[in-house]
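No value in this document is a laboratory result; all are computed from the given coordinates. All of these numbers come straight from a predicted model, not from anything done at the bench. Note: ideal-geometry Cβ built from the backbone for every residue, glycine included; neighbour counts use all protein chains shown.
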Amino acid sequence: MSREETYSPVGSGQAKICQNCKKDFVIEPEDFNFYEKIKVPAPTFCPDCRLQRRFAWRNDWKLFRKKDIHGKEIFSFLHEDSPVKILETAEWYSDLWDPIEYGQEYDFSRSFFEQFKELFYRVPVMSRSLINPVRSDYCSNATEPKDCYLSFALTYVENSAYSIYGAKSKDIFDCFMFNESEMCYDSVNIIKCYKALYSVDCEDCNDVIFCKNCVGCNNCLGCINLRNKSYFIFNQPYSKEEYLDKIKEFKLSSRINVENLLKWVIEHWMKFPNKFIHGRRNVDVSGDYIQNSKNTKHCWRVVDGENIKYCQNFFVGPVKDSYDQTNYGNGTELIYESVVVGGGAYDVAFSWQCYSSVSNIRYCSFCGQNSSNLFGCISLRNKQYCIFNKQYTKEEYEALIPKIIAHMNEMPYIDKKGIVYKYGEFFPAEMSPVAYNETLANEHFYLSESEAKERGFVWHEQKNREFNATMQSNNVPDDINNVDESITKEIISCGHEGNCSHECAKVFKITQQELQFYKLLKIPLPRICQNCRHYSRFAWRNPAKLWHRKCMKQGCQNEFETSYAPDRPEIVYCEQCYQQEVA
């Protein structure tokens, strides 16, 4: 798009009514400055509705069997009934096909989104969103995963399974949110940790078990809020010899012992305060799970952010000067209202799944690899000056784009709810190829089927695949020391038996890769499926939502915004009081 175009006023803050939820929201002066910088109009959706709409285009960790354009059944992030065509990822990247052949003229007699939808159903996209995978056939949403299995949202992760949202790590199993870590299991939000087991919110720790909010610790069990401590159990010091003897007494190679110990640990943790935000080394930030960032507002799970707002899920930075960007990062700048944009992307708006040095693109999907100056394109690589996959000269492109934008405003798309989509809106939720119940949106903005459909979201009834269990979960050996190689041949019933709200797979298997890991670290085998294990870790992850609260330290008058809801049982302190409390 021409850098000369301008659509937003610059001035004082402005109160608006959300076009979607009809609630009031405010656009601040600095917001207008950003919109002017990237040459987009101010939003008509409030921040929460914008987030929900973007999340409705993000399948975080589900895989389906779907036929590609050749009729071969392969794994895909799209369900089997999705009208979007797919190619195996390796073929999509190859020179065996040319997406330019699908190019079409822009039709000024119809709305932009109507035409984009038709093109979207004709041009194949990659079956799984991957960049340079190595022996990671059951993964998606990953950059350079190596020897990973059923793991998702990864960047430079090796030899890992059943994990999600991690970067620069190896030998990670059943973890959620991890960075620069190794040999960790069943942990949440761990940074630069080695052998962190059953732990939450720990950084720079080695050989910790059932620890929370610990930094720089090693050889600790059941501890919380410790700093640079060694050989502690339930926040009490031991000698090295006493500690090692006590660890042996716990017999943590037994699943029963681990589950019993967890009950004591939680009771212990609840006696201690939590800082109102998960984050360190920040300047002027708001939100949660923020590291090494400055001027990062209303953001969630961000590493190395600067001058960004309403952004989520960046485990590799830097990410600069961006608004409403969801997922990926890794060297992005000037991004707006986009999902899964990263790898050096610059000046991107209203796009989905675009990465690897793309620039100056609008309303594109699965475009990448040094592409620039694209509008409404799908699956293009190494292309410039294209509209609806049709090639133009630079002069033709720059002359046509202002006309298309004007047409989008004069003939907007109107969805089934009557919401008007002019230039400046992200793709309508009703156009998402991912059903609401398969997306990140449903994890954070849960809706029943009837509620989702009423609000204009897509819903898909997932098909159950029946597998006959060869071993009941209660027959799995309790102690890992009593497990032999034959367990990898069994189909094990999930202990939940489908009687939960965790999308229970009902059965699961133990792979050779994970058995070796369990044996090495003396970890007892799980008794529930990977889906149920995934959801169980959600209990230790705060939501992408903020509440206004007061510090719970007696006598403190400090107030703050926090992702700890007011009705939660944890003790929540302000920064100052928390720092006075930690050891």
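Given the pairs 22/463; 23/416; 67/417, which span a C-alpha to C-alpha distance of over 24 angstrom in this model? Over 24 Å Cα-Cα: 22/463; 67/417. Between residue 65 and residue 415, the simple label model (points 7 Å from Cα in the Cβ direction) yields a spacing of 3.3 nm. Pairs with C-alpha atoms separated by more than 19 Å, drawn from the list 39/320; 62/320; 117/422, are 62/320.
Look at where the Cα atoms of the stretch 513-580 and of the stretch 166-244 average out, and the two centres are 14 Å apart. Among 547, 92, sorting on how many other beta-carbon atoms sit within 10 Å of each Cβ, with the fewest leading, yields 547, 92. Excluding same-chain neighbours fewer than eight residues apart, the aspartates and glutamates reachable from residue 192 by a Cα-Cα span under 20 Å are 144, 158, 171, 174, 180, 182, 201, 203, 204, 207, 288, 304.
Expressed per residue, the C-alpha convex hull volume of the chain stands at 146 Å³. Placing +1 on each Lys and Arg Cβ and -1 on each Asp and Glu Cβ, with no other charges, gives the stretch 473-538 a dipole about its Cα centre of roughly 180 debye. When 573, 93 are arranged by Cβ crowding within 10 Å, least crowded first, meaning fewest neighbours, the order is 93, 573. Listed by chain and number, the lysines whose C-alpha is less than 22 Å from the C-alpha of residue 248, apart from same-chain residues fewer than 8 away, are 195, 212, 229, 240, 263, 519, 522. Looking at the stretch 174-275, the DSSP beta bridges with both ends there are about 10 percent antiparallel. Packing-based ranking of 158-166, 523-531 yields 158-166, 523-531, ordered from highest to lowest mean Cβ neighbour count within 10 Å. Dipole magnitude for the chain: computed about the Cα centre from +1 point charges on Lys and Arg Cβ and -1 point charges on Asp and Glu Cβ, it is near 680 debye. The order of the peptides 367-375, 279-287 by mean Cβ neighbours within 10 Å, most packed first, is 367-375, 279-287. The calculated FRET efficiency for the pair residue 538 and residue 257, based on their C-beta separation and a Förster distance of 22 Å, comes to about 0.35. As I understand it, the dipole of the chain uses +1 on the Cβ of Lys and Arg and -1 on the Cβ of Asp and Glu, about the Cα centre. Which of 319, 518, 482 lies farthest toward its positive end? Working it through, the farthest residue towards the positive pole turns out to be 482. Under 16 Å of direct C-alpha separation, and excluding same-chain neighbours fewer than eight residues apart, residue 403 reaches these aspartates and glutamates: 4, 5, 105, 107, 395.
The residue list 375, 401, 473 was ranked by how far each Cα lies along the charge dipole of the chain toward its positive end, using unit charges on Cβ atoms, and 473 comes out on top. Between residue 246 and residue 468, the C-beta separation translates, for a Förster distance of 30 Å, into a calculated FRET efficiency of about 0.10. Potential lengthening of the chain between residue 482 and residue 72 amounts to 143.5 nm, from the contour at 0.36 nm per residue minus the alpha-carbon distance. Could you state the angle between the C-alpha long axis of helix 29-38 and the longest principal axis of the C-alpha atoms of the chain, as a value from 0 to 90 degrees rounded to the nearest 10? Helix 29-38 sits at roughly 60 degrees to that axis.
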